[in-house]
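Participant: Structure in structure tokens, see below.
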Amino acid sequence: MKWMLLIAALAAGVCASAQELSGDFGGYSAMQIDAGRFLGSFDGPMVIKEMTDGVRIILLSDDPDVKPLPIRAYTMQFDYKDQGATPSRIIMEGNVEVQHPQGTVTAERADWDFEKELLTFSGNPVMNSESIRGLRGSRILINFKSNTLEVVDMQAQQVPLRGVGDADPSLLTEADFPDWPGFVQTLKAQAASDESSPGKQILAHLGADVSGQLTSTPLEVLIERKSSLINQLNKAIRKPGLYNETAWKNVTLSDEVKALMAKTAPEAAEQTRLNRLLLEAAYPEHIVKR
């Protein structure tokens, strides 16, 4: 079951409570919920107390510059301050994953304090992004107020020597997929079909070896290999030749896409931008627009 719970509509007076707590709930105003069990309270304003048995939420913002934030955990507990109607803290436990735009973090426990604007991961936390691989420690702390990352007892498989800001902004990141299982399922179904489709064209663009691995690998394994598959997709969108008129015949293309396709010799950044836009148009429910 999926609900759209507007934080501003949970109870009368919530806007005033939000101002007292954390201004705007960390920049988010609503959340989409998929939970095995939901516990709320009507003691005063209706509030969420706890969700268990496998929880997935996506935090949403009215600000178009704030990307959706997918989060999963086995349990989520919501704390409130002074009988407020907006959570001041969320405690997540069990197979936690937060897909922040700067990178995906997995851990056994996460504590998000909205008053301090601090998200703390513990229990074998690991962070991966486009440029960072296997960043781990006893704790990982993301401070949204100061825009800093702190890792206690740090180890990392790969950290860039230069700043990460030089990366192509059109490359796909883990945070660009709010419904990763749904995307993989759609891609795999298209690849298995006899009909021409964006998914079939993407796999052809990746080459026979990668395409063969993707079609033969079970769905649940592909879902777990998120980082690896996104790396392969980024290799595909860097190369020319992704677009095929028959494959995209049922997809509406924007004016920007048409303008980029009209260029005879696009620059590397333009090529990546074009191919990303083609994927966004083909999978609007699965890939965040940028």
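Participant: Here are some residues: Met46, Met51. Which one is under 25 Å from Phe177 (Cα atoms) and of a type outside the set (Val, Ile, Thr)?
Facilitator: That would be Met51, the only listed residue that is under 25 Å from Phe177 (Cα atoms) and of a type outside the set (Val, Ile, Thr).
Participant: Turning to a different aspect of this structure: Go through the stretch 114-133 and count every residue that is among the acidic types (Asp, Glu) and closer than 14 Å to Thr104 by Cβ.
Facilitator: The total comes to 1.
Participant: Name the residue that is surrounded by the most Cβ atoms within 10 Å (Cβ to Cβ), counting only residues in the stretch 66-93 that are β-branched (Val, Ile, Thr) and not in a strand (DSSP E or B).
Facilitator: Thr86
Participant: Let me ask another. Picking from Leu260, Leu278, Leu229, Leu274, which residue would you name as being modelled with pLDDT under 90 and not assigned by TED's automatic domain parsing to the domain that holds Arg56?
Facilitator: Leu229
Participant: Then there's this: In the stretch 256-271, what residues are among the hydrophobic types (A, V, I, L, M, F, W, C) and closer than 16 Å to Asp168 by Cα?
Facilitator: Ala268, Ala269
Participant: Residues in the stretch 103-118: is at least one more than 21 Å from the chain's Cα centre (by Cα), in contact (Cβ under 8 Å) with a residue 24 or more places away in the chain and part of a loop (DSSP other than H, G, I, E, B)?
Facilitator: Within the stretch 103-118, one or more residues are more than 21 Å from the chain's Cα centre (by Cα), in contact (Cβ under 8 Å) with a residue 24 or more places away in the chain and part of a loop (DSSP other than H, G, I, E, B).
The values are calculated or read from the model by the stated rules, or taken from the named source; none is laboratory data. Predicted model, so just to flag it, every value in this text is computed and none were measured. Positions of Cβ are generated from backbone atoms using ideal geometry, with glycine treated the same way; all protein chains shown enter the neighbour counts.
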